[in-house]
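The next block holds one structure in the form of structure tokens; read it before the comments.
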Amino acid sequence: MNEIKPPRIVKTAPEGDEWIPSTCNLCYGTCSILVHKVDGVAVKIEGNPKSTVGKGRLCGKGVSGLMTHYDPNRVRVPMRRTNPEKGIGIDPGWEEISWDEALDEIAGRLKKIRADDPRKLSIQRTTTVYTMGLPWAAFAPGFGTTNVSEGGGGLHCGNSAHQVSGLLHASWGVLPDFQYCNYTLYFGASKGHAAGHNSNSNMAQAADARERGMKMVVVDPMCNFAAAKANEWVPIRVGTDAALALAMCNVLANELGTLDEPYLKAKTNGPYLIGPDGAYVRDVESNEPLVWDSKAGSAKPHNVADSEDMALEGEFDVDGVICQPAFALLKEHLKKYSPEYAEEITTVPVENIRRISEEFAREARIGSTIVIDGITLPYRPAAAIAFRGLQGHRNATFNFLAVLLLNQLVGAADVVGSCHGFNSSFDGIPETGRMGYKPKAGPDGLMEVGTWMAYDPPYPRPEPKKPEEMGLQDLFVMGMTSPFFNSEEGEELWEKFDMPYRPEMLINYGANIMMSIANKDLIAESLKKLDFIASFDLFMNETSDFVDIILPDRGYLGCYNTRPNTPYIFSHPAGMGDWSWAIQQPVVEPEGEERIFADVLIDLADRADFLSDINAAFNAVFDLRGEYRLQSDRKYSYEEVCDADLKNNFGPKRGLEFFKKEGVVTWPKTPEEVYWRPFTDARVPIYWEWMPDLGKKIQAISGSAGLDVPMEYYSALVEYLPCVSHKCDHDGFDFYTFYYRDTLHTNSFTMENAWLDEAAQLDPYSYNIAMNTASGLNRGLEDGDMIWLETERGRKIKGRVHLTQAIHPEGLGIAALCGHWAKGMPVAKGKGIFYNELLELDWDYVNPVNLTLDLCSKVKVTRAEEC
Amino acid sequence: MGETPDLKISEDRSAVLWYSAERNAADKSAKSVDPKNTAVATISIDVLLFGLLSAITTESPISLSLPDMATPMDVVAALEDRFGADSFAQIKDPNVGILPCCRLFVDGEPLEDPYAPISSDGAAVTVEMIILKGFEGG
């Protein structure tokens, strides 16, 4: 068994001068860091070279963490509002209070709600410090509420990406196997070129890959961070990627015939027989889906026939039912997505569509193998990936599926060089075997994930029912973060569904939902309806205008976290190399009265009389066993919980004290872990058989509340469906807006960081509206002009235009979450454009499968007067 | 469109690798159905409900006496008998038995399969149940 080798940090320093290992949280890349502390002050932050996570590198955001930590505008003491009136820009009249006063008041309200109906409490948290979610994952269930959300960071970012990646790759997201990939297609993604999951490690791997000769083709409305380093940028009309991807699938399947048939037979539900009703034809005795065994000349259950003998095409009579393999239906279905059709929708020229399809097919090297560490593996050095940019549209589910289908057709899934899920398989910690997970076959032989970020895995899905969750996710069972927490429709729908409670209280952890979800007036109204809001935060931001008690958070340089990089499906390097387990620990003492938020949660649980429940929840969340299980009625510090977690996983000698000193342990990955697909007897769905039936069941319930489900989104076969913006035919509305994640910033809080702001002001894009040069000049605009953008519904934003050739002629690109107005963030205030002011939050703009919000708009552009 | 290029390789060396997992799998038979409980001895089960489930009753622990091959589904059925089916509707599902967000622990050890026996030796056990709700997204 592999031995864990704790790396030794050999920097020697005089007393009062030390380097402390921890983890960054300026974004959710969670890179391992070393913080140089001199006489109690953090003076420098670097990457930790001993960790696989970041590989010793740190981006500009990470090194600037000092500026966020020592920002004089930080909230340092608990405060309570004295002005009962809540509204945008209305002074709350903050008064400083003690922690006891603050927590007594909050606990008193929690007790009342818990006795009445604990679901009246909702919790929102930021994705920025995603990995600090575990205390919340214990607090919410311990209290008894299921109403949890992640604001815009959840709603905008990955509802579809995670779902579809989970179904097809058993992971939270996908990226190329950079070490061996030769050809990669990016659709609305920037893996390895900007922030996000495992950012620094990916950047190193991507740079090495480009140097090695990997060809990158980036499909994006803007020649941005990824496209700027690509071999080819494919400008595309905003929100139409699925049409392009499906046309490419059509070329592969019906023109070139470049298909990995053994892969399709063995690893997908392509061979499953489909009847005239669109459903699986099932074995009468076992109820398993049938396939046609070509060798035997008869139908057999999928788990009885040999994959090699399964038919992918043809028409068969099974006891009088005429049926076809699912793949045959898919192949026929793809024909309507001709390259000519795709050109019309996307503006990508036909010849480019065919050329790129051919390149992808050629580079996939169907049928080839390679030996890695003595193991012979399929070799498919081509990968098509996608992420936030592609999935931020109403057709989110199918957009993502269309791209990943490219990989499925050529067998480029979780093998050498191909599209990978992030660390879908893990053998466990070597010395204890703990934490291991592997994908496996579930109902109908379809793949279940080995691990997930939450407790509702993507497959199998539960039955939809009349909802009792605020976000209606128990009705929309493929949904994740929901708009109904804050939308105007939420109240109406709760009424129609006879929801037995209404939200009364919100606890917020760092989510600036006034900025992150949609237009501010709508969110303001939803917040005003709540009786009480408590918020842990770093700054007085836009959401603080509606908060009743604000609690100062210590931030990432002051917290414990034993699992910043696990589960490994979220933010740990994929591909061959090492596993690393790092921790996060307090590096410096608080500047004011800030407390570790996890301790505050335990304190609240104690004051509100649910200590035994939060302890049971910690036991469940951390899977604590034996002597490390928390005793029911004892009040622990979070430091003690962390120690139990580490010893539970690594043994009695490697608890918190060990990790505080060593910072990280590493051990090597195996090819079987990394390239797990050939070793896993499970199939992925390229035909989503369950969808039509699921849609009907949901409609049967939602229809009663007047919420009609457009059934085209519940097709078994992937479709291109237009966004609301594509249907706009008003004169003068001729640009599509979209936002992108600026590599210099994360969510909304980094605009307050003085170093990052300085860098952003040097960048011509960060705080401006990018417009195509020719498009701008044709409208009489000049670089630097102030312009208004207005949607069909009259929502308007204003900003300075930057003319560039690096954007589609119809596109307007704006960096996300700028445009602050809060006085408590003076560095951020007034910088950039608040894109989300354009966003609606109603059903027309929501993906009816996974509840993603449509983030693009069709706007008219007019010159604005200079102030 | 010009001549279609022939992009297929001459020999598919990876096919055998794609087929290997199922050939190595021990069981090619259809999935077994729920085991029928035919035992006659009984075991004592103390059930502790936490979080949202604790609102169902103030009784803690809830003492049950069930046949010694009882499964989590049997435990839930017994709880439904005592407290009403509505109380546990939030954790049951026709597709998966017990929703994965409802975590069960038997004497501190997690039990993943709702159809697996709770106790293998007939000894008294403590079962803890809690509904977890993680934060998805990002």
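Treating each Cα of region A:159-421 as an identical point scatterer and summing with the Debye formula, the log10 of I(q)/I(0) at q = 0.08 Å⁻¹ comes to -0.33.
Taking θ as phi - 60° and the Karplus parameters 6.51, -1.76 and 1.60, the scalar couplings of region A:100-109 work out to 4, 4, 4, 6, 4, 5, 5, 5, x, 5 Hz in sequence order, x denoting glycine and proline.
Over 26 Å between Cα atoms: which of A:50/A:229; A:796/A:829; A:37/A:823; A:191/A:647 fall into that group? Where the Cα-Cα span goes over 26 Å, the pairs concerned are A:50/A:229; A:37/A:823; A:191/A:647.
Averaged over every viewing direction, what's the projected area of the C-alpha convex hull for chain A? Give it in nm², one decimal, please. Display every interim value, and only then the final one.
Working: hull surface 140.4 nm².
Mean projected area for chain A: 35.1 nm², to one decimal.
In terms of its C-alpha gyration tensor, region A:781-867 has an oblate overall shape, because the principal axis ratio a/c (a ≥ b ≥ c, square roots of the eigenvalues) is not below 1.5 and a/b does not outweigh b/c. Shielding of peptide B:105-112 by partners, expressed as the average count of other chain Cβ atoms within 10 Å per residue Cβ, is 3.
Over the whole of B:44-57, what's the average partner chain Cβ count within 10 Å per residue? Rounded to a whole number, please.
On the way: counts 0, 0, 0, 0, 4, 2, 13, 16, 12, 3, 8, 7, 0, 0.
The per-residue average across the peptide is 5.
Taking the centroid of alpha carbons for each part, region A:746-802 and region A:829-867 are 14 Å apart. Considering only beta bridges that DSSP places wholly inside the protein assembly as shown, some 60 percent are antiparallel.
DSSP finds beta bridges in region A:159-421, and of those with both partners inside it, around 55 percent are antiparallel.
Sort A:58, A:493 so that the residue with the fewest other Cβ atoms within 10 Å of its own Cβ comes first and the one with the most comes last. Kindly include the intermediate steps, with their values, before the conclusion.
Details: A:58 24, A:493 21.
Taking fewest neighbouring Cβ atoms as first place, the list is A:493, A:58.
Here each label is just a point 7 Å from Cα along the line to Cβ, and for residue A:783 and residue A:754 those points are 3.0 nm apart. Restricting to region A:737-803, what percent of DSSP beta bridges are antiparallel, rounded to 5? DSSP beta bridges in region A:737-803 are roughly 60 percent antiparallel. Between amide H atoms placed 1.01 Å from N, distances below 5 Å from residue A:861 occur with A:734, all of them 5 or more places distant or on a separate chain. To the nearest Å, what is the center-to-center distance of region A:380-444 and region A:509-529, using C-alpha atoms only? Each part's Cα centre sits 33 Å from the other's.
Ordering A:642, A:735, A:780 by Cα displacement along the dipole of region A:632-787 toward the positive end leaves A:642 in first place; charges were set at the Cβ atoms of Lys, Arg (+1) and Asp, Glu (-1).
Distant-in-sequence amide contacts of residue A:198, defined by a placed amide H-H separation under 5 Å and a gap of 5 or more residues or a different chain, comprise A:29. Peptides A:737-747, A:687-697 ranked from most to least packed give A:737-747, A:687-697, packing being the mean of other C-beta atoms within 10 angstrom over each peptide's residues.
Thinking of region A:725-863 as a set of Cα atoms, what percent of all their pairs are more than 17 Å apart?
Working: 5725 of 9591 pairs.
The answer is 60 percent, as a whole percent.
Backbone phi angles across region B:114-128, fed through the Karplus curve with coefficients 6.51, -1.76 and 1.60 (θ = phi - 60°), yield HN-Hα couplings of x, 9, 8, x, 6, 10, 8, 10, x, 6, 5, 9, 10, 10, 10 Hz in residue order; Gly and Pro are listed as x. In the protein assembly as shown, the DSSP-assigned H stretches of four residues or longer account for a calculated mean residue ellipticity at 222 nm of -7500 deg cm²/dmol, using -39500 (n - 2.57) per stretch and the full residue count as denominator. Three principal axis extents of region A:520-677 based on alpha-carbon atoms, in descending order, are 53, 38, 34 Å.
Counting Cβ atoms of other protein chains within 10 Å of each residue's Cβ and taking the mean over peptide B:91-97 gives 4. Taking a ≥ b ≥ c as the square roots of the eigenvalues of the alpha-carbon gyration tensor, region A:631-714 is classed oblate because a/c is 1.5 or more while a/b is no larger than b/c. Modelled label positions at residue A:670 and residue A:344, each set 7 Å beyond Cα in the direction of Cβ, lie 5.4 nm from each other. Phi-derived couplings, Karplus 6.51 cos²θ - 1.76 cosθ + 1.60 at θ = phi - 60°, listed residue by residue for region A:707-721: 9, 8, 9, x, 6, 5, 7, 10, 6, 6, 10, 5, 9, 8, 10 Hz, with x used for Gly and Pro.
Since every read-out is calculated from the coordinates, none of them should be taken as a lab result. The shown structure was predicted, so the numbers you read here are calculated from the model rather than taken from an experiment. Using ideal geometry, Cβ is built from the backbone for each residue, glycine included, and neighbour counts are taken over all protein chains shown.
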